[in-house]
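The values are calculated or read from the model by the stated rules, or taken from the named source; none is laboratory data. Quick caveat, the model's predicted, so the values are computed rather than measured. Every residue, glycine as well, gets a Cβ built from its backbone with ideal geometry; the counts of neighbours run over all protein chains shown.
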Amino acid sequence: MLAGAAYLAGSPLLGQVGAGQVASEAQGEAPSSAGKSELFQKVVANQKRTDQELDRFERIERVENRKTGSDSRPPEVKVWRVFPASVSNDKIPLTAEGKPISAESYRAELQKLEKLLVWATQKGPAQDEALAKMAHKRKERDDLIEATHAAFIFKLVGHEMRGEHSLAKYSMVPNPKYKPTSRNATLLTKVKGFVWIDEQAAELAKVEGEVSEDISLALFLAKVYKGSHFMEERYEIEPGIWVPTYEQYDFDGRKFLLPFAIHERTFYTNYRRVGLPKEALEVVRGELGKTGGETARP
């Protein structure tokens, strides 16, 4: 659930809430730690499942960047159509309005995507190696998710409405008894914030946090400063599938001896299930047929 910590670690941005210590105090009522731990375990399981399901969805990503958080000038905007292609995501650049840059360039990008999907449907040493690397990254991600079981203390502070849904709001602070067993897990000891959970669905709806003390990275060659902030919102796009719809990062620090800043907002829209590579290949070929482009056959 700690998207920001995972971001700093070079891991995927999402999926780090655990079922560790849970202290609940709201309106004089104290639900059992066992019951809340069971809820958080379900949240973790649902996030892992959604991670795998996302390999079957395309989406539009709009990224807005500013040099500083207080910069009043219009942000730099980049938009992509992000399409799953087995071991990676293909990103087709679009205009700021989310339209193809040109018919010719868009068709060329679809043809490149088609070739990538054809490759992904085939078997061979290169495909096996790529799949093994992807499995290794997924395991690292899952290990980080599991590490949070003990990394945080969650305390119920109340409930908030989002539309027609009631969300349970928990404060999240590092557990002083937690002993990280990896470099990435160490980052979890330097983050605090809040999480919002849809208890009925056992899904993460929102996370917001900040770096509570300076974080050293890359063998101390880089540092993210205390006070850096992150947040993410997630919504259900089809039954049981909750995905990121908005992320914001406001990080300040230094790399080597030079200061750096990341002030970025990302909007995720137009999610569409396209399936695994064999199914996704037919989707792309259908689009190419409409644009008059040639298709590659395995």
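Every residue in the stretch 68-90 that is of a type in the set (Lys, Arg) and touching a Pro at 6+ places or on another chain (Cβ under 9 Å), please.
LYS78, ARG81
Which condition breaks for ASN175 when tested against (1) surrounded by 17 or more Cβ atoms within 10 Å (Cβ to Cβ); (2) more than 30 Å from SER216 (Cβ to Cβ); (3) not hydrophobic (A, V, I, L, M, F, W, C)?
Single failed check for ASN175: (2).
So the check is Cβ under 7 Å with 6+ separation or different chains; which pairs have a first residue in the stretch 98-123 that's under 15 Å from VAL87 (Cβ atoms) and a second one that's surrounded by 14 or more Cβ atoms within 10 Å (Cβ to Cβ) and among the hydroxyl-bearing types (Ser, Thr, Tyr)?
Final answer for the pair search is ALA120/SER86.
Just the residues that are free of Cβ contacts under 8 Å to residues at least 60 places away in the same chain and in a loop (DSSP other than H, G, I, E, B), please, taken from the stretch 162-176.
Residues satisfying the conditions are GLY163, GLU164, PRO176.
Among the numbered criteria (1) in contact (Cβ under 8 Å) with a residue 40 or more places away in the chain; (2) under 27 Å from VAL157 (Cα atoms), which single criterion is violated by GLU236?
Failing condition for GLU236: (1).
Is it true that some residue in the stretch 6-13 is of a type in the set (A, V, I, L, M), modelled with pLDDT under 90 and assigned to a loop (DSSP other than H, G, I, E, B)? Lay out the reasoning, then the answer.
Just the residues of the stretch 6-13 that are of a type in the set (A, V, I, L, M), to begin with: 6, 8-9, 13.
Going one step further and asking which of them are modelled with pLDDT under 90, we end up with 6, 8-9, 13.
Subsequent filtering for residues that are assigned to a loop (DSSP other than H, G, I, E, B) retains 13.
Within the stretch 6-13, one or more residues are of a type in the set (A, V, I, L, M), modelled with pLDDT under 90 and assigned to a loop (DSSP other than H, G, I, E, B).
Does the stretch 153-160 include one or more residues that are assigned to a strand (DSSP E or B), loosely packed, with under 15 Cβ neighbours inside 10 Å and touching a Ser or Thr at 6+ places or on another chain (Cβ under 7 Å)?
Yes.
Could you check LEU187 against (1) of a type in the set (A, V, I, L, M, F, W, C); (2) in contact with a helix residue (DSSP H, G or I) (Cβ under 8 Å, 6 or more places away or on another chain); (3) farther than 17 Å from THR148 by Cα and say which number it fails?
Status for LEU187: all satisfied but (3).
Quick check on the stretch 246-260: of everything there that is part of a strand (DSSP E or B) and among the hydrophobic types (A, V, I, L, M, F, W, C), which residue is surrounded by the fewest Cβ atoms within 10 Å (Cβ to Cβ)? Before you say what the answer is, go through the steps one by one.
Residues of the stretch 246-260 part of a strand (DSSP E or B): 246-255, 258-260.
If we keep only those that are among the hydrophobic types (A, V, I, L, M, F, W, C) as well, we get 251, 258, 260.
Working: PHE251: 21, LEU258: 8, PHE260: 13.
Within the stretch 246-260, the match that is surrounded by the fewest Cβ atoms within 10 Å (Cβ to Cβ) is LEU258.
Test ALA280 against the stated conditions and say whether it is of a type in the set (Gly, Ala, Ser), crowded, with 18+ Cβ neighbours inside 10 Å, in contact with an Asp or Glu (Cβ under 9 Å, 6 or more places away or on another chain) and not in a strand (DSSP E or B).
yes
Looking at THR68 and the list (1) at pLDDT 95 or above; (2) over 30 Å from LEU276 (Cβ atoms), which single condition is not satisfied?
With (1) at pLDDT 95 or above; (2) over 30 Å from LEU276 (Cβ atoms) applied to THR68, the lone miss is (1).
Any idea how many residues of the stretch 202-233 are at negative phi, without any contact (Cβ under 8 Å) to a residue 60 or more places away in the chain and either in a loop (DSSP other than H, G, I, E, B) or of a type in the set (Ser, Thr, Tyr) (or both)?
Counting residues in the stretch 202-233 that are at negative phi, without any contact (Cβ under 8 Å) to a residue 60 or more places away in the chain and either in a loop (DSSP other than H, G, I, E, B) or of a type in the set (Ser, Thr, Tyr) (or both) gives 7.
Quick check on GLU264: is it in contact (Cβ under 8 Å) with a residue 60 or more places away in the chain and over 23 Å from HIS165 (Cα atoms)?
It is true that GLU264 is in contact (Cβ under 8 Å) with a residue 60 or more places away in the chain and over 23 Å from HIS165 (Cα atoms).
Can you name the number of the only condition in (1) out of contact with any strand residue (DSSP E or B) (no Cβ under 6 Å at 6 or more places or on another chain); (2) exposed (fewer than 13 other Cβ atoms within 10 Å of the Cβ); (3) modelled with pLDDT under 95 that GLU146 fails?
So GLU146 meets the others, but not (2).
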